[in-house]
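Each value in this text was obtained by applying a stated rule to the coordinates, not by laboratory testing. Since this is a predicted model, take the numbers as computed values, not measurements. When we count neighbours, we look across all protein chains shown, and the Cβ atoms used for this are built from the backbone with ideal geometry, even at glycine.
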């Protein structure tokens, strides 16, 4: 398994644990009303969808999809590194936006932080699809030759 795939899969395991921990906190706030962790629901969803699921899919697809014949072995790893940085930076901004409610800045609301994090997610996914799309090739077309008859 290439190093970049190991980084993606390892990070996805971290986000799985962090998302599960956030899920436990959210469920505690539903059982015990004195614990108020319901504001973490969007962060929990982001950690599980983009942090765990997307990082795992990106790492495994970088490893297992067919390799390129020209150029480098699996393509340029810079694009996948950019994907990793964009998605994980978006996850950190999503986490911080949950804690910076309207008291953060009046002109820079947490909704704009969430929008910026989703913009980073979508641009990271776009870069990854752009990188991987070259490796997905249609199967070769096999043209069957007509059979020769033995008749004279």
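Starting from the Cα coordinates of the range 3-133, work out the convex hull volume and express it per residue in Å³. Could you put the intermediate results ahead of the total?
Details: hull volume 12.4 nm³, N = 131.
Given the Cα convex hull of the range 3-133, per-residue volume reads 95 Å³.
Calculate, in nm to one decimal, what residue 31 and residue 60 gain on full extension: separation in residues at 0.36 nm each, minus their alpha carbon distance. It would help to have the intermediate numbers written out before the result.
Details: separation 29, 0.36 × 29 = 10.44 nm, distance 3.73 nm.
Taking residue 31 through residue 60 to full extension adds about 6.7 nm, to one decimal.
Hey, with R₀ at 35 Å, roughly what FRET efficiency would residue 123 and residue 1 work out to, going by the Cβ-Cβ distance, to 0.05? Provide the component values of the computation, followed by the final result.
Numbers: r = 26 Å, r/R0 = 0.75.
About 0.85, to the nearest 0.05.
Suppose the chain between residue 89 and residue 17 were pulled fully straight at 0.36 nm per residue; how much longer would it get relative to their current alpha carbon spacing?
Working: separation 72, 0.36 × 72 = 25.92 nm, distance 1.80 nm.
Gain on stretching residue 89 to residue 17: 24.1 nm.
What three numbers, in Å, describe the spread of the alpha carbons of the range 1-61 along their principal axes, ordered from the longest?
47, 14, 11
For the ranges 34-46, 53-65, what's the packing order if you count other beta-carbon atoms within 10 Å of each residue, average per peptide, and put the highest first?
Values: 34-46: 15.8, 53-65: 18.3.
Highest-to-lowest ranking by the protection proxy: 53-65, 34-46.
With r defined as the distance between the Cβ atoms of residue 41 and residue 143 and R0 fixed at 41 Å, what FRET efficiency is calculated, to the nearest 0.05? Could the numbers behind the result be given before it?
Working: r = 56 Å, r/R0 = 1.36.
FRET efficiency, residue 41 to residue 143: 0.15.
If we count other beta carbons within 10 Å of each Cβ, what is the order of 136, 125, fewest first?
Details: 136 10, 125 17.
Placing the least packed residue first, the sequence is 136, 125.
Calculated FRET efficiency, residue 96 and residue 136, Cβ-Cβ r, R0 22 Å, to nearest 0.05?
On the way: r = 35 Å, r/R0 = 1.61.
Plugging the Cβ-Cβ distance into 1/(1 + (r/R0)^6) gives 0.05.
How long is the gain from residue 24 to residue 82 if the chain were fully straight, where each residue apart is worth 0.36 nm and the alpha carbon distance is subtracted?
Numbers: separation 58, 0.36 × 58 = 20.88 nm, distance 3.15 nm.
Taking residue 24 through residue 82 to full extension adds about 17.7 nm, to one decimal.
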